[in-house]
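Accompanying notes for the structure given below.
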Amino acid sequence: MVSVRVFPPIKPLRKAALGWGLLVFNPVDPDYGVRQIYFGTNQTPTATWRAAEALGAPITRSSRDALGSLWLNYYGPPGSFSSVSFGDVLAPGRLPPGYFNGKIVLIGGKPDTLGTDYFVTPFPFTNPSHAFIQGTEVHATILLNLLRGEWLTRIPISREIALIVFVGLVAGGLALLRSSRATLLSLLISIGIACGACWLVWHQRIWFAWLIPSAVQMPFGLAWAVSSQFLLKSRQS
């Protein structure tokens, strides 16, 4: 259990602000990725929750304790949100008049080194430069998820276990087929599971651990089927 010690802003800032909250991520996964939305402690919500509350997000009318686990729905690789430098903001004439009208503005610095305020993204395979994202963009993603209701949820663990058991039985049954048919069926099932997982995320905003049945169970089932067929033919000869 991680304990969080909160140091509130000084009194004049608390009076001037519409609200204040924590700017932390919890949990941060071992690969330094942020995947779950953190709502704050029982006493102090996060700043993103406060901002969503001030902007009238429907989710903020619910109790934070009753929401359960919500997962981040990233909108794109690093740089998906428009940004300007402090220099452009402070220098006269660099931005058009009214540039910030009607916009939600998050203020944050750009860290000099990785590991201070950079986090792993879901997009490293599309482009090596997309491997890390700034903390400010993660907060912007969380805020937009809360405002739009576009977070991800995970399917119930009982259904996920049932799927794993079913795929395990199918993978074991590949040994009853010829190697060519087992290979084709294994490939089709793996691709089908991966495509179904993508469809659920994109259209239903639901995810599950699809790599287990698609990239682990089916390949192992195929390896077992091919090996058993090879051993059977070796004994017969």
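The values are calculated or read from the model by the stated rules, or taken from the named source; none is laboratory data. All figures in this text were calculated on a predicted structure; none of them were measured in a lab. Note that each Cβ is placed from the backbone with ideal geometry, even for glycine, and that neighbours are counted across all protein chains shown. Quick note on the areas: whole protein, heavy atoms, side chains included, nothing else; ligands and nucleic acids left out. Shrake-Rupley method; radii C 1.70, N 1.55, O 1.52, S 1.80 Å.
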**Message:** Against the condition touching a Pro at 6+ places or on another chain (Cβ under 9 Å) and not polar (S, T, N, Q), how does P122 come out, does it pass?
**Reply:** yes
**Asked** Hey, does segment 184-201 have a residue that's surrounded by 15 or more Cβ atoms within 10 Å (Cβ to Cβ) and polar (S, T, N, Q)?
**Response** yes
**Fill in**
Expected output for segment 185-198 (first residue closer than 8 Å to W210 by Cβ, partner assigned to a helix (DSSP H, G or I), Cβ below 6 Å, 6+ apart or cross-chain) is I193/P213; I193/S214; A194/S214
**Request:** Search segment 192-214 for residues being more than 14 Å from L163 (Cα to Cα) and part of a helix (DSSP H, G or I), and hand back the single one that is farthest from the chain's Cα centre (by Cα).
**Result:** C195
**Members of segment 11-52 that are surrounded by 12 or more Cβ atoms within 10 Å (Cβ to Cβ) and among the polar types (S, T, N, Q)** = N26, Q36, T41, T44, T46, T48
**Message:** Could you check segment 225-237 and list, in sequence order, the residues that are open to solvent by 40 Å² or more (accessible area, probe 1.4 Å) and in contact with a helix residue (DSSP H, G or I) (Cβ under 6 Å, 6 or more places away or on another chain)?
**Reply:** V226
**Selection from segment 85-99 of residues that are open to solvent by less than 80 Å² (accessible area, probe 1.4 Å) and of a type in the set (F, W, Y)** = Y99
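A quick yes/no check of all residues on (1) under 30 Å from S186 (Cα atoms); (2) open to solvent by 80 Å² or more (accessible area, probe 1.4 Å); (3) at pLDDT 90 or above:
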site	(1), (2), (3)
L67	no, no, yes
G115	no, no, no
V138	no, no, yes
G149	no, no, yes
I155	yes, no, yes
**Asked** Which numbered condition trips up W202, out of (1) farther than 30 Å from R61 by Cβ; (2) at pLDDT below 95?
**Response** (1)
**Request:** Enumerate the pairs (first residue in segment 57-81 and under 12 Å from I133 (Cα atoms); second residue anywhere and modelled with pLDDT under 90) with beta-carbon separation below 6 Å, excluding pairs fewer than 6 apart on the same chain, so at least 6 apart or on different chains.
**Result:** Y74/P122; P77/F123; P77/H130; P78/H130; P78/I133
**Message:** Given the condition over 17 Å from T60 (Cα atoms) and assigned to a helix (DSSP H, G or I), answer yes or no: does some residue in segment 143-157 qualify?
**Reply:** yes
**Which numbered condition G87 misses (of (1) farther than 26 Å from W20 by Cβ; (2) in contact with a helix residue (DSSP H, G or I) (Cβ under 6 Å, 6 or more places away or on another chain))** = (2)
**Matching residues, segment 116-136, being out of contact with any strand residue (DSSP E or B) (no Cβ under 9 Å at 6 or more places or on another chain) and assigned to a helix (DSSP H, G or I)** = P128, S129, H130, T136
**Asked** S82 versus (1) open to solvent by less than 40 Å² (accessible area, probe 1.4 Å); (2) out of contact with any Gly (no Cβ under 7 Å at 6 or more places or on another chain); (3) closer than 17 Å to A140 by Cα: which is the lone unmet condition?
**Response** (1)
**In segment 215-224, residue nearest to G76 (Cα to Cα) [restricted to those that are open to solvent by 30 Å² or more (accessible area, probe 1.4 Å) and over 21 Å from the mean Cα position of the chain (by Cα)]** = V216
